[in-house]
1. Rounded to two decimals, what is the ratio between the C-alpha radius of gyration of the stretch 1-150 and 2.2 N^0.38 Å?
2. Work out from phi, with θ = phi - 60° and the Karplus expression 6.51 cos²θ - 1.76 cosθ + 1.60, the ³J(HN,Hα) of each residue of the stretch 339-348, listed in order in whole Hz, and give x for Gly and Pro.
3. At 1.4 Å probe size, with the rest of the protein present, what percent of the exposed accessible area of the chain is carbon and sulfur atoms?
4. Please give the calculated 222 nm ellipticity per residue for the chain, where each DSSP H segment of at least 4 residues contributes -39500 (n - 2.57) and the sum is spread over every residue; nearest 500 deg cm²/dmol?
5. For a quick check of understanding: with a 1.4 angstrom probe and all protein chains in place, what accessible area in square angstrom does T2 have, to the nearest ten?
6. Want the number for S297 to E180: 0.36 nm per residue separation, take away the alpha-carbon distance, what's left?
7. Taking a probe of 1.4 angstrom, what is the accessible area of I135 in Å², to the nearest 10?
8. Could you compute the net charge surrounding V182? Neighbours are other residues with a C-beta less than 10 Å from the C-beta of V182; K and R count +1, D and E count -1.
Amino acid sequence: MTMTEEQKQIVKSTAPILKEHGKEITSIFYKKMFEAHPELRNYFNLTNQEIGTQPLALANTVYLAAENIEQLEVLLPQVKTIAHKHRSLTIKAEHYPIVGEYLLKGIAEYLGDAATPEILDAWGAAYGIIADIFIEVEQEMYDALGDARNQDFIAFKITEKRHIAPNIFTLNLARNDGGELVDFTPGQYISLRVKLNELFHNRQYSLTKAFDGKTYQVAIKQENEKDPAGVVSNHIYENYQVGDTILATLPAGDFELDKAASQHVFIAGGIGITPIAAMIDSLETANQAQLIHCVRSEEYAVFAEAFQAKLGERYHLFAGENISQADLSELVEQGAAIYLCGPVPFMREIEAILLAQGHAQSDIHFEAFQPALSLIK
């Protein structure tokens, strides 16, 4: 797929429309696409649809690509983050033309008479280039899995279910189809799939222990405090027991330890401790890390005994109290790799303090439990 110089200029000149009205345009897109292709609901997080983070993430993706249409290579980090999510949901090349068709219909409906054939052709060409990049990156990820069985949802048996906090439990999962359990990078996640009301629902859960060759472990939080409540998490919490089979894809994700760093500082809010737990489990020595975990009360400090045993005085629990600027200044040394995971407002507040204290943006790494590009400020 190629674009003329004139089409590139049309896309760049109309990109601000996506920035200002992208959520409305992509909401139209999703509505039209799901009406015509209801089977695609099996791939999308319907909670994120309802609260608006999915349309916002798509709008930001398209906007960033439009802004950088002449140098798309600068977006490769964001592309890879999204591609990991797509691979974990088994999004395939054949889905992209459908998305492109209805994205253009969404643009056309929102712009009305302003959507000239030239504008729509330019955006169609731009989408084709963006789609080709995603398809290529994702195909490399599928190819790396080898066996065709590894590229789809796989049956796993629940070998252990253990409550570790008032509303949190861990699941240990053993592969149930005779295939090989694949190693993973600490910080990655797996997608779990359940069927409700004739639709599949998918949710990513971080792996909480370093690979042991036998099982994957995830921690799941029962979510009744948000509206809408967590559909997949609550269904698993209430209905799945030891011995049951559940569908999952193999590990994905690019939240990982900075191999060039000699010191690591982990800062987690609540259930955001889950990917960090596997990272800490994988460290060879305790003197490589500081862990800061902020929770509402001590009973929510999951994995506390393991952290205390491994890190000793390098484990800092803030239970029922806010971490202060002075605390961060004392505990986060300059030049350390910093990893943030937790509620978005929590991460933004911590990031602002760290930047004000002179830490480099490049030293701060994030994992967010929602579509990444919905977080663009």
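1. Compared with the compact-globule rule of thumb, the stretch 1-150 sits at 1.03.
2. Here the 3J(HN,Hα) series is 10, 10, 8, x, x, 4, x, 4, 5, 5 Hz.
3. The C+S portion of the solvent-accessible surface of the chain is 49 percent.
4. After summing the helix terms and dividing by the residues of the chain, the value is -13500 deg cm²/dmol.
5. 110 Å²
6. Result: 38.1 nm gained on full extension.
7. 50 Å²
8. Local net charge: -2.
The values are calculated or read from the model by the stated rules, or taken from the named source; none is laboratory data. Bear in mind that the values here come from a model prediction, so they are computed numbers and not experimental data. As a convention, Cβ positions derive from the backbone with ideal geometry for all residues, glycine included, and neighbour counts pool all protein chains shown. We work out accessible area using only protein heavy atoms, side chains counted, and drop any ligands, DNA or RNA first. Shrake-Rupley method; radii C 1.70, N 1.55, O 1.52, S 1.80 Å.
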